[in-house]
1. First check a/c for the stretch 8-142, with a ≥ b ≥ c the square roots of the eigenvalues of its C-alpha gyration tensor; if it is under 1.5, answer rounded, and if not, answer prolate when a/b is larger than b/c or oblate otherwise.
2. Determine the sum of side-chain charges near Ser118: Lys and Arg each +1, Asp and Glu each -1, restricted to other residues whose C-beta is under 12 angstrom from that of Ser118.
3. Please rank Leu313, Leu92, fewest neighbouring Cβ atoms within 10 Å first, as an exposure proxy.
4. Quick one: grab the alpha carbon gyration tensor of the stretch 227-282, order the square roots of its eigenvalues as a ≥ b ≥ c, and give me rounded if a/c is under 1.5, else prolate or oblate depending on whether a/b is larger than b/c.
5. Would you mind calculating the gained length between Phe94 and Leu69 on full extension (0.36 nm times residue separation, minus the Cα-Cα distance), in nm to one decimal?
6. Which lysines, on any chain, are close to Lys373 with Cα under 26 Å apart, when same-chain ones fewer than 8 places away are left out?
7. Return Cys316, Cys179 ranked ascending by Cβ neighbour count within 10 Å, so the fewest neighbours appear first.
8. Would you mind ranking Ile305, Ile260 by Cβ crowding within 10 Å, fewest neighbours first?
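Since every read-out is calculated from the coordinates, none of them should be taken as a lab result. These numbers come from a predicted model, not from an experiment. Reconstructed Cβ throughout: ideal geometry from the backbone, glycine too, with neighbour counts over all protein chains shown.
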Amino acid sequence: MAEALTSIKSSDDKIEIINQLLLPHTTEWLRIDNIEQAHDAIKSMKIRGAPAIASLAALSVSQHLTRALRADPPPEFLSSPESLRDHVSPILSFLFTARPTAVNLGAATRRLSRTLQSSLDAGKGVRAIAEDVIEDGRLVAAEDVGRNKAMSKWGGDWLVEEVKRKGGSGEALNVLTVCNTGSLAYGYGTALGLITYLHESGKLRRAYYTQTAPYHQGSRLTALELKTLQIPSTMIVDTMVGSLFQHHKIHAVAVGADRIAANGDTANKIGTYNAAVLAARHKIPFIVVAPITTVDLDVAHGSGIPIEHRPPLEACVVRGALYPPSLDGQGNKAQGTVMITPEGLDGIYNPSFDVTPGELITAIVTEKGVATKGGDGKFDLSSVV
């Protein structure tokens, strides 16, 4: 079986991330040596995918405290439990600001904050408190693979049965996805994990994926993952979704999520809402696959989800390998950035996410199972969180 890609490598106090801005043409591993570098990597999208950014944030806190415990002399913030709290709490708040839409990042920082406070409340010494936070930070990352595989199986099996319920065979399934939700987003993958599971179980005919402009996570990253895993696949540009549905039998759309509101409204990469509207028109099941940490029951509906807007320039330029190909001094394909718009545009709308209303979603899948709408047409997510 082909080996999946990964986005983070960590050991003891060492962290490396694959620079996703250079994929698929160059594989560059970047060392993360401090909190500021972790924040920059998340904000600049050198690493992306809701689970991956949460994992990097948590691991960077563990790294920071591990190195502090080994320092001689120890830093001043290890002089008392209170000084440790006063040092770590602003770090967690700072990391959260890197990508505020992704609820996983907030869940990870809040989790470490709770661990810090509970250890303080238990009356532990400063070194023991630091060790508790270190251990929990590493657990945030380690838990992803198992939960990803669980939700992928739940979602894949549900889709097979849904197709059978409608008179199909449950075999040779065609599934469309948006953006990148595979192992580069961390673990086994969420929506792309569902596709991988169907492939591994012999139920998939072909995966389709959108380019996902303007950052092209589909054509750069999903394309690379599917090629690496040797999964039959077809790329389409974002505006071809309707044409695809008209002319090809698509059994489902599977997408990830950066935040799911209590009523099922889901924030995901820009273009997801478009695909959901078209899927509803063609009566194609629309499946959201995401970990429990993505469900935010404190937000009643999608209007309460903050939407990150990226720098306007990102919608005006594209980066890739020069064509015809040429090699740089290190033997890598030479890359460049080109502007595809006139300079000085005074109006550029560049949200990174859109919100798909729950009414357009057929099923929401987490590691605990599959939620579908009740007789009232509404989601009850209590069974999957």
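1. Prolate, because a/c is 1.5 or more and a/b exceeds b/c.
2. Charge balance in the 12 Å sphere: +1.
3. The order, fewest Cβ neighbours first, is Leu313, Leu92.
4. Because a/c hits 1.5 or more and a/b fails to exceed b/c, the stretch 227-282 counts as oblate.
5. 6.8 nm
6. Lys149, Lys153, Lys164, Lys166, Lys203, Lys249, Lys269, Lys283
7. Starting with the residue having the fewest Cβ neighbours, the order is Cys316, Cys179.
8. Final ranking by Cβ density, sparse to dense: Ile305, Ile260.
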